[in-house]
Amino acid sequence: MNMRNQWPVLPIMAGLASGLLTGCGTQTGGSGGDGSAVVLGMSDDVLATDPASGYDPGSWMLFNNVFQSLLSFPKGGTEPEPDAAEKCSFTDTETKVYRCTLKDGLKFSNGDPLTSKDVKFSFDRMLKIDDDSGPAIMFPMLDKVETPDDSTVVFRLKVPDATFPSKIASGAGSIVDHDAYDADGLREDGGAVGSGPYELESFGDDEAVFTPNEHYKGSAGEVQNKGVTLKFFGGDQKALKQALLDNEVDIAYRGLTAADISDIEASTDDSGVEVVEGSSAEVQHLVFNMDDPVAGKLGVRRAIAYLIDREALIKDVYQGTADPLYSIIPAGVAGHNTAYFDRYGARPSQAKAAAALEDEGITGKVDLTLWSTPTRYGPATDQELKAIADQLNDSGLFDAKVESVAFGQYEKDIADGKYGVYVKGWVPDFPDADNFTAPFFGKGNVLDNNYANSKITGTLIPRTAARSDRSATDADYAALQDVVARDLPLLPIWQAKQYAVVGENVYGLENCLDASTVFRFWELSKG
């Protein structure tokens, strides 16, 4: 299976100055709104309306608002709670049997009843289709789904997985109407039938229109608007900026630079445009190909780790829109530690870098190419990689350069082992430490960097996956992070913040920007 969609990274608003933050939208639940429709402008694309295919942030935004899952993440929370389900729980001590009871009276937007048959159909269909651009890759542990009656669903797992509730609470757990979807193929008409807070009224190249679903019965509560129109700008920052200035959109979500925002504020006489900041678990790493003749040498990787100045990158390239990251599990996610800070420090050390190279037997400058892709991981990625190359070269120990390649070719070349050092980003499928470790270091990991550690794959990942008490995994996750910091198959660089720019009298946006990555249309209101 092609795993490229395990890297569904959203471009941050690179260059957004932290001094611009004004704390807009502090009213909750749409307080002050009159229920008007809200227009949201976005630079990301929505690649699919069918949950068996979409595995990108734009598609999951659609899924989270049009479809229900058995569980969902509450605003500001990272523990899944019942949504289409009345209750769910593991029924065994091994975390291999998960049982859910559905709420009474659930209906899809077309009026069809939602029963356990639809839940089973949705999971069976996703796994059977096994689309290269779909989320089936998240469920290798799922053996079968049983439906003892219309309101009961039982998931039987091949191996213990205490994170299974979080996985089915994500966009991958979207429930579709068995009468509206083909069991063997993807729906390609741009339509969608779900039981979430909204129904998809229309979907085109330029916009998608969502209207409240009158049949909705779930955890979101009352929808705070008359609908949401999602306008697509295809990465065109200038067009998105102009649309906000012309009041054609109420919210600009991602894609604007600090210069754009300064211009917007200067162009708005009544200071009606404001910037809202939220938390995020999006991360970025430098990845090392362990079989590469240069990057495969531990001394080279350690020298790089000793020389990179994250604070300077964030100040000079990202202007405060990210935080330095010193481990593979980001801050705010249970299990986080600072393994790389503890081992390599926060400030560059030319002496320690030189010693690492000397221990490797390297006496001359290291010729190194850093591989980048210009837009997939944000519009400042190339600039960032060039800044990293400058930091390495300024030490006198490296002769580093940057090559930037279009994303499609970039992914192929990584899979073919052509790059020694390359950049990757990650937005989690769900906010648990498992999603920052198992995909990277488990069997068949998505990094394509030829790294394997038997302690991680044989002990730490299986043991953390099996523990239903997630707080009991902290020691194992600390050990895992320490091993990775020692072996250096990758180097964490930054953890992003989330931003959106809003027009006057728009409320509830702070409930859409948290570590769960769920953008909740129903929380938005306009007055």
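For ASP399, what charge total do you get from the other residues with a beta carbon under 15 Å from its beta carbon, if Lys and Arg give +1 and Asp and Glu give -1?
Values: positive: LYS365, LYS386, LYS401; negative: ASP367, ASP390, ASP394, GLU403.
Cβ neighbours under 15 Å give a net charge of -1.
Pulled fully out, how much extra length does the chain show between LYS365 and LYS128, if you take 0.36 nm times their separation in residues and subtract their Cα-Cα distance? Before the final figure, lay out each step's value.
Details: separation 237, 0.36 × 237 = 85.32 nm, distance 5.18 nm.
That pair, LYS365 and LYS128, stretches by 80.1 nm at full extension.
How long are the three semi-axes of the equivalent ellipsoid for the stretch 442-485, computed from the Cα gyration tensor as the root of 5 times each eigenvalue, in whole Å, largest first?
Working: eigenvalues 78, 27, 14 Å².
Taking √(5λ) for each Cα gyration eigenvalue gives 20, 12, 8 Å.
Would you list which aspartates and glutamates come within 17 Å of LYS96, measuring only between C-alpha atoms, while excluding same-chain residues fewer than 8 positions from it?
ASP143, GLU146, ASP161, ASP434, ASP469
Which residues make up the longest stretch of the chain clear of GluC sites (Glu not before Pro) that lie in a DSSP loop with no more than 14 other Cβ atoms within 10 Å, not counting the sites?
On the way: sites that count: GLU94, GLU188, GLU214, GLU222, GLU248.
The segment 249-527 is the longest one with no such site.
List, in the order given, every pair from LYS418/LYS443; LYS107/LYS217; LYS315/LYS386; LYS226/LYS526; LYS418/LYS455; LYS87/LYS226 whose Cα-Cα distance in the structure shown is over 18 Å.
Values: LYS418/LYS443 21 Å; LYS107/LYS217 8 Å; LYS315/LYS386 15 Å; LYS226/LYS526 10 Å; LYS418/LYS455 28 Å; LYS87/LYS226 30 Å.
Distance filter (> 18 Å) returns LYS418/LYS443; LYS418/LYS455; LYS87/LYS226.
Taking 0.36 nm per intervening residue step and subtracting the Cα-Cα distance, what contour gain separates ALA312 from ALA406 on full extension? List each step's numbers first, then the result.
Values: separation 94, 0.36 × 94 = 33.84 nm, distance 2.65 nm.
Stretched out fully, the ALA312 to ALA406 stretch lengthens by 31.2 nm.
Taking a probe of 1.4 angstrom, what is the accessible area of THR147 in Å², to the nearest 10?
60 Å²
Ratio to report: Rg/Rh of the stretch 451-527, with Cα atoms as the point set and Rh obtained by the Kirkwood method; give two decimals. Let's see the in-between values first.
Values: Rg = 19.4 Å, Rh = 16.2 Å.
Rounded to two decimals, Rg over Rh is 1.20.
Work out how much length ALA355 to GLU81 would gain on full extension: take 0.36 nm times their residue separation and subtract the Cα-Cα distance, in nm to one decimal. Walk me through the intermediate numbers first.
On the way: separation 274, 0.36 × 274 = 98.64 nm, distance 5.11 nm.
Roughly 93.5 nm would be gained on extension.
Which aspartates and glutamates does LYS401 reach when only Cα atoms under 16 Å apart count, and residues fewer than 8 places away in its own chain are ignored?
Output for LYS401: ASP367, ASP382, GLU384, ASP390.
Which value results for Rg/Rh of the stretch 408-474 when Rg is the Cα radius of gyration and Rh the Kirkwood radius based on the inverse mean 1/r?
Rg divided by Rh gives 1.04.
At a Förster radius of 60 Å, what calculated FRET efficiency corresponds to the Cβ-Cβ distance of ASP394 and GLU201, to the nearest 0.05? Mind dumping the intermediate values first?
Values: r = 55 Å, r/R0 = 0.92.
Computed FRET efficiency for ASP394 and GLU201 comes out at 0.65.
Can you give me the accessible area per residue for the chain, using a 1.4 Å probe, in Å²? Intermediate results must be reported in sequence, preceding the final value.
Details: 19710 Å² over 527 residues.
Result: 37 Å² of accessible area for each residue.
Give me the percent of accessible area attributable to carbon and sulfur for the chain, probe 1.4 angstrom. Let's see the in-between values first.
Numbers: 8690 of 19710 Å².
Of all accessible area on the chain, carbon and sulfur atoms account for 44 percent.
Residues with beta-carbon under 12 Å from that of PRO330, excluding PRO330: net charge, scoring Lys, Arg +1 and Asp, Glu -1? Show your work: numbers first, answer last.
On the way: positive: LYS497; negative: GLU282, ASP323, ASP432.
Local net charge: -2.
No solvent, one uniform scatterer per C-alpha: report log10 I(q)/I(0) for the chain via the Debye equation at q = 0.06, 0.09 1/Å, two decimals.
Listed by q, the Debye log ratios stand at -0.28, -0.65.
Volume per residue, Å³, of the convex hull around the alpha-carbon atoms of the stretch 51-111? Working shown, then result.
Working: hull volume 8.0 nm³, N = 61.
Here the figure is 131 Å³ per residue.
Determine which lysines satisfy two conditions relative to LYS352: a Cα distance under 18 Å, and not lying fewer than 8 residues away in the same chain.
LYS297, LYS365
If I model a spin label at ASP150 and LYS455 as a point 7 Å from the Cα along the Cα→Cβ vector, what separation in nanometres do I get?
Simple spin-label model gives 5.5 nm for this pair.
Only bridges with both residues in the chain count here: give the DSSP antiparallel percent, nearest 5. Walk me through the numbers on the way to the answer.
Working: 51 of 68 bridges.
The answer is about 75 percent antiparallel.
Using only the alpha carbons of the stretch 342-453, determine the length spanned along each of the three principal axes and report them from longest to shortest in whole angstroms.
41, 31, 26
Before anything else, pin down the relative contact order of the chain: Cα pairs under 8 Å, at least 6 apart, normalised by residue count, whole percent.
On the way: 1237 pairs, mean separation 136.1, N = 527.
Relative contact order for the chain comes out at 26 percent.
Could you calculate the FRET efficiency of ASP184 with THR93 from 1/(1 + (r/R0)^6), where r is the beta carbon distance between them and R0 is 35 Å, rounded to 0.05?
Values: r = 37 Å, r/R0 = 1.06.
Efficiency computed from Cβ-Cβ geometry: 0.40.
Taking the stretch 167-237, how much of its Cα-Cα pair set, in percent, is spaced more than 20 angstrom apart? Show your work: numbers first, answer last.
Numbers: 1052 of 2485 pairs.
Tail of the P(r) past 20 Å holds 42 percent of the pairs.
Over the stretch 200-253, what number does the Rg to Rh ratio reach, with both radii from the alpha-carbon atoms and Rh per Kirkwood? Spell out each step's value before the answer.
Details: Rg = 13.6 Å, Rh = 12.9 Å.
Rg divided by Rh gives 1.06.
Treat each spin label as a single point 7 Å out from the Cα along the C-beta direction, and report the GLU214 to ALA415 distance in nm.
Once both label points are built, they end up 4.7 nm from each other.
Determine the sum of side-chain charges near ALA303: Lys and Arg each +1, Asp and Glu each -1, restricted to other residues whose C-beta is under 12 angstrom from that of ALA303.
Numbers: positive: LYS297, ARG301, ARG302, LYS352, LYS365; negative: GLU358, ASP359, GLU360.
Taking every other residue near ALA303 into account, the sum is +2.
Calculate the FRET efficiency for PHE341 and ASN247 from the Cβ-Cβ distance with a Förster distance of 41 Å, rounded to the nearest 0.05. Spell out each step's value before the answer.
Numbers: r = 45 Å, r/R0 = 1.10.
The calculated FRET efficiency here is 0.35.
About the Cα centre, and with charges only on the beta carbon of Lys, Arg (+1) and Asp, Glu (-1), how big is the dipole of the stretch 228-387? Nearest 20 debye, please. If you can, show how the numbers build up before the last one.
Values: 15 positive and 25 negative charges, 164 e Å.
I would put it at about 780 debye.
The values are calculated or read from the model by the stated rules, or taken from the named source; none is laboratory data. Predicted model, so just to flag it, every value in this text is computed and none were measured. Glycine gets a Cβ as well: all are built from the backbone with ideal geometry, and neighbour counts include every protein chain shown. Calculation scope for accessible area: heavy atoms of the full protein, side chains included, ligands and nucleic acids excluded. Shrake-Rupley method; radii C 1.70, N 1.55, O 1.52, S 1.80 Å.
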